[in-house]
């Protein structure tokens, strides 16, 4: 297969957002911290390719998509498009660029101005790029609407968004995106708000548009099933990073990153013969303002090992989960021995726990360990030493895994340390 | 998420007192119509189903098919101007003709509800503890404070929420935790029947799977009957015993999930399953056209204008609900009863060309 | 064409989609206000005499004459016909109010849009200025402005309208700014940016149409308030002079001395006119509020009549 040239070349892109603090902080204008929505992503989009970005909320996939249009300002890194760097462009250069890169939004009802007719909405894209003649605009609008299947066009031109069904609205959004003849469409969950019976139709339309207009897509979704059908290459994202990227077939045939595997297991499937997944990752996507140490996925990872970045907050989760299984009396006794969990709220690798005596705390920890010896956290505990009225738990230092070549795909996981392309470590 | 194992005592305590083996909920020919500025929307138009103790029934359909209205109608939570009739028996007692006071007593204590957006149902100014105390006090005002706390903590623990979070505020919880909180809040009064309206739609993929698992455990461990309303056939396959497929205000097919999904009888069920994109999808299928206007639905079968198998009879005569081959019910002339189809009724129906103009 | 249809539909919405009290308030308010508007437009034909006319056919009107067949509402001390002055007063009031609303909209709406859209220091400075204006006792502010402006423009309708605008602009600004702040987060605004629209375009074509919808409500409610303020200024002898135009407040001031002398008609009719017009405008405003504001709106639902089962 001849390699197509890269259309978009993203290098080390980061998009950080400042968090506003409480009322007082807002008054004095102080920031409460930074959310690394996109945290050092490198990826390319080839001509004519569909690249999927798959992840849960908070994975930064939408922010990344918006950064590709210059809608979210890059904190660092570069976005190359046609040899130019998008991140250093002026506002007017960016505006001109948007004739080439366009966006399709998740909620078609929100993406259309409620006080504009279909013709106005689609035509405005031309108008802002200097097409003065309304006759000429009308012609192009009609052409775009026909291309997205909104025919007979006369029926739709003067309709308002509220008079259209969800699928029709998404067609209008697509028409607005293609009317200027772009080369890349960034589609942010284009079908997830639509009814089941029209999803396939819109996806088919996007495939047709790709074929007819030679488009390339960046397809952003949380839904593995549509990504599998639609994408040539897939990047799995978690908390602002790409954890696995490769050809769609390879990712689905041999998922490597534990997160990818978990997503595949959890994808709902209408086949009743399929057994319900039991070993799902616990917990939820952590707070991006204070991400976990080491690998961001380690607190939820069933395969985590010693150097994944274990820390105090994981111990807190462990204790709390443990207490959901204890009777109230046991809980009262144990929580008295352990004391406040506030000391466990920070990302520390060495932490003091307990106030009811070292032995009491130690026996609680041992009991938890006996009940669930397979709990990955214990692999990360280096040492438990007596420390005043409690114990000190030391964790192994964590490693922040980088994307590495592993069997035809790139994976960011310490389980795949090898650089050689043929060696895929077990998992 | 590994589910906490429950000690037998606790489990027994949470058993709703199920008497007899009859259905918990039995709905017969239920109709719910809404008033609008244009006329009455026949959101639910003659729906019948039974729900056995400990059973989960998945109510699946596209937006606007009336599934949420049916759920709310069963609970008696309908907006002004809506009317309902038919018969809904909760353990033999007719819910629809009950006095408002009795209905209120029943809601919460016997009938629970879980919503899509947990935050809209939780008061941000009240601690979790206050939510539970309020819910329990409403129905058991004489329960001593210690008991109340005890019960609340038990319900939370079952949902995997640690007792350390009992005094927290709703906003301190993540989305999935809030949904668990809602489920715990619905369970704390040990209702025999719960309506869950799209409980996982707003959640992430992994958290959705966790909640599905919790719902799964619910029916097994507590014999709580659940009406799970969803648009996601995948969720139905994973969490439900039986499924009812709803289209334009009617249940067109119902039966055991395995039976219905393996061999769908109604063309709509089949087309809905075919148009669902799953990991095994190799080609794209879709249903042309859009659901009918429920203010003035077409005569005969409401799916006829979009149906690939439509016959002449479908456009004129209402289909009859019949026993589904393999168990359950279905209403479709293509399935039967053939002896009631008038002469010439089996001819192919001349359908109007369905353009994008009518798309959903 | 489309625009005209849009306007017509928007005008019809309050009637077609509402029920109950809101609808009645709107209808009664519109009728009252409509009568005054008609009086204002056709004053030269409806009023029996001019507003500063003291004689007809060379015969002077009676001084403070009681209501009679000649002068239905009587005459005042300056020999003017009270009925004519009351009718001409409607013209002054409507002129001033329309002009001042126009000024408010022309200044307040763009300021609010720009301030809400850009945010930052511009927003803060404008907010501060507007809040300061708003915090002032409005009548005091109107007095100060009318002093200043009457010096510049004389006691004209324009000067009074401008001084009234000064006290109402902050309200328009506030409402438009706040709706802009929330509307600019909408996806369709980001979509506009994504097609390459400039800020000006976004404000004009995407935000304006959606933030302007709350203006009619404040407009009518402010109009009622403006009538009172105008009358207040006139009563204090500020603003429009009685020879320039008929003004109810001014007439009330002159009627003050009459009341003790048993001459009730000079005060009653202008006073009644103020009360009626203010009531009418307030009803329109509240009615509009209930019909346009989705949180207050009660839709007129057709009653549900379930057909018998055999009909299905």
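The values are calculated or read from the model by the stated rules, or taken from the named source; none is laboratory data. Small disclaimer: the values here were computed from a predicted structure and weren't measured. Backbone-built Cβ (ideal geometry, glycine too); neighbour counts: all protein chains shown.
Brief remarks follow.
- The one condition in (1) within 14 Å of another protein chain (Cβ to nearest Cβ); (2) crowded, with 19+ Cβ neighbours inside 10 Å; (3) in contact (Cβ under 8 Å) with a residue 40 or more places away in the chain that residue C:199 fails to fulfil: (2)
- Within the option set B:176, B:160, being assigned to a loop (DSSP other than H, G, I, E, B) and either within 16 Å of residue B:219 (Cβ to Cβ) or assigned by TED's automatic domain parsing to the domain that holds residue B:75 (or both) holds for one residue only, B:160.
- Matching strands (runs of 3 or more DSSP E) fully within the range A:48-125 where at least 1 residues are surrounded by fewer than 21 Cβ atoms within 10 Å (Cβ to Cβ): A:76-81
- Residue B:268 meets the conditions (1) more than 7 Å from chain A (Cβ to nearest Cβ); (2) under 30 Å from residue B:39 (Cβ atoms); (3) outside any helix (DSSP H, G or I); (4) touching a residue at least 24 places away in the same chain (Cβ under 8 Å) in every case but one. The failed one is (3).
- Filtered residues of the range A:306-328 (kept if more than 10 Å from chain B (Cβ to nearest Cβ) and assigned to a helix (DSSP H, G or I)): A:306, A:307, A:308, A:312, A:313, A:314, A:315, A:318
- Taken as a whole, the range A:71-87 holds no residue that is within 11 Å of chain C (Cβ to nearest Cβ), over 19 Å from residue A:187 (Cβ atoms) and without any contact (Cβ under 8 Å) to a residue 12 or more places away in the chain.
- For the range A:154-168, residues that are more than 10 Å from chain B (Cβ to nearest Cβ) and either touching a strand residue (DSSP E or B) at 6+ places or on another chain (Cβ under 6 Å) or assigned to a helix (DSSP H, G or I) (or both) total 4.
Residue-wise test of (1) more than 14 Å from chain A (Cβ to nearest Cβ); (2) part of a helix (DSSP H, G or I); (3) touching a residue at least 40 places away in the same chain (Cβ under 8 Å); (4) touching a helix residue (DSSP H, G or I) at 6+ places or on another chain (Cβ under 6 Å).
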position	(1), (2), (3), (4)
C:176	yes, yes, yes, yes
C:193	no, yes, no, no
C:217	yes, yes, yes, yes
C:225	yes, yes, yes, no
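- Any hit, the range B:219-232, residues being surrounded by 24 or more Cβ atoms within 10 Å (Cβ to Cβ), within 14 Å of chain A (Cβ to nearest Cβ) and not in a loop (DSSP other than H, G, I, E, B): yes
- Residues being at pLDDT 85 or above, within 22 Å of residue C:224 (Cβ to Cβ) and part of a helix (DSSP H, G or I) are entirely absent from the range C:44-55.
- If you go through the range B:234-245 and keep only what is under 23 Å from residue B:46 (Cβ atoms), crowded, with 24+ Cβ neighbours inside 10 Å and within 14 Å of chain A (Cβ to nearest Cβ), you end up with B:236, B:240, B:243, B:245.
- Total residues in the range B:274-307, condition part of a helix (DSSP H, G or I) and closer than 24 Å to residue A:249 by Cα: 2
- Residues that are out of contact with any helix residue (DSSP H, G or I) (no Cβ under 6 Å at 6 or more places or on another chain) and either within 7 Å of chain A (Cβ to nearest Cβ) or crowded, with 24+ Cβ neighbours inside 10 Å (or both), drawn from the range B:162-174: B:174
- Top-ranked residue of the range A:273-305 - restricted to ones that are buried (at least 20 other Cβ atoms within 10 Å of the Cβ) and within 7 Å of another protein chain (Cβ to nearest Cβ), ranked as nearest to the chain's Cα centre (by Cα): A:285
- Every residue from the range A:142-152 that is over 18 Å from residue A:198 (Cβ atoms) and at pLDDT 90 or above: A:142, A:143, A:144, A:146
- Search result, residues across the range B:334-344 that are in contact with a strand residue (DSSP E or B) (Cβ under 6 Å, 6 or more places away or on another chain) and under 9 Å from residue B:313 (Cα atoms): none
- Taking the criterion of being more than 14 Å from chain A (Cβ to nearest Cβ), within 25 Å of the chain's Cα centre (by Cα) and crowded, with 21+ Cβ neighbours inside 10 Å, the residues of the range B:303-328 that qualify are B:304, B:319, B:324.
- In the set (1) under 21 Å from residue A:292 (Cα atoms); (2) at pLDDT 90 or above, residue A:58 fails one condition alone, (2).
- Yes/no for residue B:183 being within 19 Å of residue B:209 (Cα to Cα) and in contact (Cβ under 8 Å) with a residue 40 or more places away in the chain: yes
- Flag for residue C:39 being more than 14 Å from chain B (Cβ to nearest Cβ), within 30 Å of residue A:116 (Cβ to Cβ), modelled with pLDDT of 85 or more and surrounded by 14 or more Cβ atoms within 10 Å (Cβ to Cβ): no
- Those strands (runs of 3 or more DSSP E) of the range A:174-268 that lie entirely within it include none in which at least 3 residues are within 21 Å of residue A:39 (Cα to Cα) and within 12 Å of chain B (Cβ to nearest Cβ).
- Here residue A:133 meets the list (1) at pLDDT below 90; (2) farther than 30 Å from residue B:284 by Cα; (3) surrounded by 24 or more Cβ atoms within 10 Å (Cβ to Cβ) almost entirely, failing just condition (3).
- Test: residue in the range B:79-98 that is in contact with a helix residue (DSSP H, G or I) (Cβ under 9 Å, 6 or more places away or on another chain), part of a helix (DSSP H, G or I) and surrounded by 16 or more Cβ atoms within 10 Å (Cβ to Cβ): no
- Failed condition for residue C:213, given (1) within 24 Å of residue C:282 (Cβ to Cβ); (2) away from chain A (no Cβ under 13 Å): (2)
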